[in-house]
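The values are calculated or read from the model by the stated rules, or taken from the named source; none is laboratory data. Please read these numbers as outputs of a predicted model, since none were measured by experiment. We place every Cβ from the backbone using ideal geometry, glycine too, and count neighbours over all the protein chains shown. Just the protein is used for accessible areas: all its heavy atoms, side chains included, with ligands, DNA and RNA removed. Shrake-Rupley method; radii C 1.70, N 1.55, O 1.52, S 1.80 Å.
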Amino acid sequence: MSDANLFMVTMVVPDCDQAIAHFTNDWGFALANDTHHASGKRWIEIAPAGGARLRLAEANCPEQTAAIGRQTGGLVSFFVKTHDFDTDVSNWLARGITLLEPERLEPYGRIVVLADVYGNRWDVIEADEGPTESLVSAQRT
């Protein structure tokens with residue numbers, strides 16, 4: 001098996017400064033990189049605690065604009081694992097994050113579905129301790 005790992009994913013947004021504010025203020029993620037390049041491109045990376053970063057890319061054509069909030073065709077786009085479910089979910093809801101599906105208990109742990117300001121769906125999971133194979137196989141179904 002390869003030792004490669006996924007370290008970043010791209011999210012298309014309508015406005016980078018608005019997205020930075022949303023993910024740092026509302027979600028509590030850190031701004032890890034905001035670089036303006038001579039080519040005119042801007043590289044922005046948002047870093048949740050641990051795991052892969054989000055590369056924010058400002059939409060610059062109709063096709064990209066149409067993908068905002070629907071980059072996975074309505075499926076859950078992002079999965080956040082937490083060890084303090086109640087506190088994290090309460091904080092996000094208090095900051096205006098949208099609750100799409102209320103908390104439920106699954107064989108692999110507690111889960112709630114939230115949405116960012118663009119409509120991207122986020123599963124917040126407090127996984128039961130133990131092997132993650134059950135979590136991965138459950139997400140495939």
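Sorted largest first by accessible area at a 1.4 angstrom probe radius, with every protein chain in place, the residues Ser90, Ser39, Ser77 fall in the order Ser39, Ser90, Ser77. How big is the equivalent ellipsoid of the stretch 60-103 along its three axes, where each semi-axis is √(5λ) from the Cα gyration tensor, reported in whole Å from largest to smallest? With the √(5λ) rule applied to the stretch 60-103, the semi-axes are 27, 12, 10 Å.
Averaged per residue, the chain has 60 square angstrom of accessible surface, using a 1.4 angstrom probe with ligands and nucleic acids left out. The gain in end-to-end length when the Val113 to Arg95 segment is fully stretched comes to 4.9 nm, 0.36 nm per residue minus the alpha carbon separation. When only alpha carbons are used to place a centre, the stretch 1-50 and the stretch 86-117 end up 22 Å from one another.
Please report the antiparallel percentage of DSSP beta bridges with both residues in the chain, rounded to the nearest 5.
65 percent
Along the stretch 19-24 the Karplus relation, 6.51 cos²θ - 1.76 cosθ + 1.60 evaluated at θ = phi - 60°, assigns HN-Hα couplings of 5, 4, 4, 4, 6, 7 Hz to successive residues, with x for each Gly and Pro.
Each other residue within a Cβ distance under 13 Å of Ile44 adds +1 if Lys or Arg and -1 if Asp or Glu, for a net charge of -1. Given that just one value was derived from the coordinates, which of [x] 14.5, 49; [y] 15.9, 50; [z] 17.4, 63 is Rg and Dmax of the Cα atoms in Å? Of the listed options [x] 14.5, 49; [y] 15.9, 50; [z] 17.4, 63, [y] comes from this structure.
Could you please report the charge total around Asp84, scoring K, R as +1 and D, E as -1 over all other residues with beta-carbon less than 12 angstrom from its beta-carbon? So the surrounding residues net to -1. Counting only trypsin sites (Lys or Arg not before Pro) that DSSP places in a loop and that have at most 12 other Cβ atoms within 10 Å, the longest clean stretch of the chain runs over 42-94. Amide H contacts of Ile97 (H built 1.01 Å from N, in plane; Pro and chain starts excluded): no residue 5 or more places away or on another chain comes under 5 Å. Here is how the number arises for the chain: DSSP H runs of 4 or more residues each give -39500 (n - 2.57), the sum is divided by the residue count, and the result at 222 nm is -5500 deg cm²/dmol. Using a simple spin-label model with pseudo-atoms 7 Å out from Cα toward Cβ, Asp86 and Cys16 lie 4.1 nm apart. Neighbours of Cys16 by Cβ distance under 9 Å: Lys/Arg scored +1, Asp/Glu scored -1, total -3.
Note on Asn5 and Asn60: their simple-model spin labels are 3.1 nm apart, each label 7 Å out from Cα toward Cβ. The chymotrypsin sites (Phe, Trp or Tyr not before Pro) of the stretch 6-79 that DSSP puts in a loop, and whose beta carbon has at most 10 other beta carbons within 10 Å, are Phe7.
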